[in-house]
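Working notes, beginning with the structure itself.
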């Protein structure tokens, strides 16, 4: 693709190119993750299933050119809550799990930025955001909320890369810390990876590549290992699937990411 944008990075784990300029708010220890009000539940159901999902489907199909591969894997998880791990290449990535897991509800572990925009915190929570606590004392209600959603047979989406690299065609290294949850809760997990293809058909004129999301088979924590070993094992199995799929796909590079040591980047900037 001609005249593609070039982005320079120096730290594949911590660099972020989301450019959202959000002033992150503190997540208090008593943050309410699960609302028990009937009115809240009704409004959340209507917002999620009646308003958001149809709009998300349209945006994902038209704007992102979204296609799924191996979505049938979710049939094996009927009646079960599960974790879904993916690479983070779009500000709209949170749209993918609700469409993939439908009719299950989907919740996404999110940076506190998700509930930091004034006036829309409740809206974001109704749509499924689970903001990660700002301090250790807040983790008990956070874990309780995840357990509650799993018991409701929901999908819990996690983006272990944490930071957004728009249209990146590889899989960045990520830590195993977020894989503690399926080990702790003895829950199944599925990996997904986003790759990019040339648009064809009705939207062949669109310059931005289409988005294909491929799903792995179901992974289960290995109970013969220690918890620490088991979460590392889950991380490695998920990364292997994601990395191998990304490497073998015939991808279109819309934005080129090139490594440049931080001192050189600072001099250029």
| Do we have residue 43 as surrounded by 15 or more Cβ atoms within 10 Å (Cβ to Cβ) and either assigned to a helix (DSSP H, G or I) or touching a helix residue (DSSP H, G or I) at 6+ places or on another chain (Cβ under 8 Å) (or both) here? | yes
| query | Just checking, which of 95, 85 is at pLDDT 95 or above and either surrounded by 20 or more Cβ atoms within 10 Å (Cβ to Cβ) or in contact with a strand residue (DSSP E or B) (Cβ under 9 Å, 6 or more places away or on another chain) (or both)? | reply | 85
| query | With (1) in a loop (DSSP other than H, G, I, E, B); (2) in contact with a helix residue (DSSP H, G or I) (Cβ under 9 Å, 6 or more places away or on another chain); (3) modelled with pLDDT under 95 as the list, and residue 187 as the residue in question, which single condition is left unmet? | reply | (3)
| Inside the range 233-269, can you point out the residues that are surrounded by 16 or more Cβ atoms within 10 Å (Cβ to Cβ) and either at pLDDT 95 or above or part of a helix (DSSP H, G or I) (or both)? | 233, 234, 235, 237, 238, 239, 241, 242, 243, 245, 246
| query | Which residues, counting only those in the range 90-145, are part of a loop (DSSP other than H, G, I, E, B), farther than 21 Å from residue 57 by Cα and under 14 Å from the mean Cα position of the chain (by Cα)? | reply | 111, 132
| request: Considering each of 74, 102, 174, 139 in turn, give the residue that is closer than 23 Å to residue 227 by Cβ and surrounded by 15 or more Cβ atoms within 10 Å (Cβ to Cβ). | output: 174
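Could you look through the range 59-71, keep only residues that are part of a helix (DSSP H, G or I) and at pLDDT below 90, and pick out the one that is surrounded by the most Cβ atoms within 10 Å (Cβ to Cβ)?
Initially, the range 59-71 is screened for residues part of a helix (DSSP H, G or I), giving 59-62, 71.
Adding the requirement that they be at pLDDT below 90 leaves 59-62.
Values: 59: 13, 60: 20, 61: 15, 62: 12.
So the residue we want is 60.
The values are calculated or read from the model by the stated rules, or taken from the named source; none is laboratory data. Bear in mind that the values here come from a model prediction, so they are computed numbers and not experimental data. Every residue, glycine among them, receives a Cβ derived from its backbone with ideal geometry; neighbour counts consider all protein chains shown.
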